[in-house]
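Undergrad: Sharing a structure with you now.
Please treat every number below as a calculation from the coordinates, not as lab data. The model shown is predicted, which means the values in this text are computed figures rather than measured ones. All Cβ positions, glycine included, derive from the backbone under ideal geometry; neighbour counts span all protein chains shown.
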Ligand code: AMP
């Protein structure tokens, strides 16, 4: 199956502004930011979406959220607040079929989302 753009970023076949990396997670700036700070965190291992992660890889959920906490501190968002979002499937607004967590901040964010 063809690689997603995020797999290409993991494999360094596509460029990204990478902010954080560990054994399991890569974090990079969203190319079309929806807030002054908009960062994507992805597991390096491919899973299409939140609902597709099997039990044997559930530890990736912890890795994603812990990395988001680190990147929020690294970027100063922990001081002003931030939002974490996962878009899952068509109604969720998912456009890239590789599980990713959006970290958004740098301005007050409206609620509810559109
Ligand atoms: P979603 O709609 O939740 O699937 O989010 C996909 C996100 O990936 C969008 O916010 C896009 O702007 C972002 N995106 C797509 N291609 C790239 C890329 N090459 N580098 C960084 N972000 C990207």
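Undergrad: Does a label point 7 Å from the Cα of residue 45, set along Cα-to-beta-carbon, have any residues of region 87-107 with amide nitrogen under 16 Å, and which are they?
TA: Of the residues in region 87-107, 98-100 have backbone N under 16 Å from the label point off residue 45.
Undergrad: Sticking with this one: How many nm separate the modelled label positions at residue 91 and residue 23, each set 7 Å beyond the Cα in the direction of the Cβ?
TA: A separation of 3.8 nm, rounded to one decimal place.
Undergrad: Could you check how many percent of all C-alpha pairs in the chain are farther apart than 22 Å?
TA: 29
Undergrad: Round to the nearest 0.05 the FRET efficiency obtained for residue 31 and residue 56 when R0 = 35 Å and r is the Cβ-Cβ distance.
TA: FRET efficiency, residue 31 to residue 56: 0.65.
Undergrad: Give the Rg/Rh ratio for region 39-97, taking Rg as the radius of gyration of the Cα atoms and Rh as the Kirkwood radius, to two decimals.
TA: For region 39-97, the value is 0.99.
Undergrad: Run the simple label-point estimate for residue 109 and residue 3 please: 7 Å along Cα→C-beta, distance reported in nm.
TA: Between residue 109 and residue 3, the simple spin-label model gives 2.9 nm.
Undergrad: Then there's this: Once every DSSP H run of n ≥ 4 in the chain is given -39500 (n - 2.57) and the sum is divided by its residues, what mean residue ellipticity at 222 nm do you get, rounded to the nearest 500 deg cm²/dmol?
TA: When only DSSP H runs of four or more count, the value is -7000 deg cm²/dmol.
Undergrad: Cα axis of helix 59-74 to longest principal axis of the chain: angle in degrees, 0 to 90, nearest 10?
TA: Approximately 30 degrees, to the nearest ten.
Undergrad: Something else: Which whole-number percentage describes the relative contact order of the chain, with Cα contacts under 8 Å and a sequence gap of 6 or more?
TA: 30
Undergrad: Now for a different question. Above 14 angstrom, tally the Cα pairs of region 75-114 and express them as a % of all pairs, no decimals.
TA: Roughly 53 percent, rounded to a whole number.
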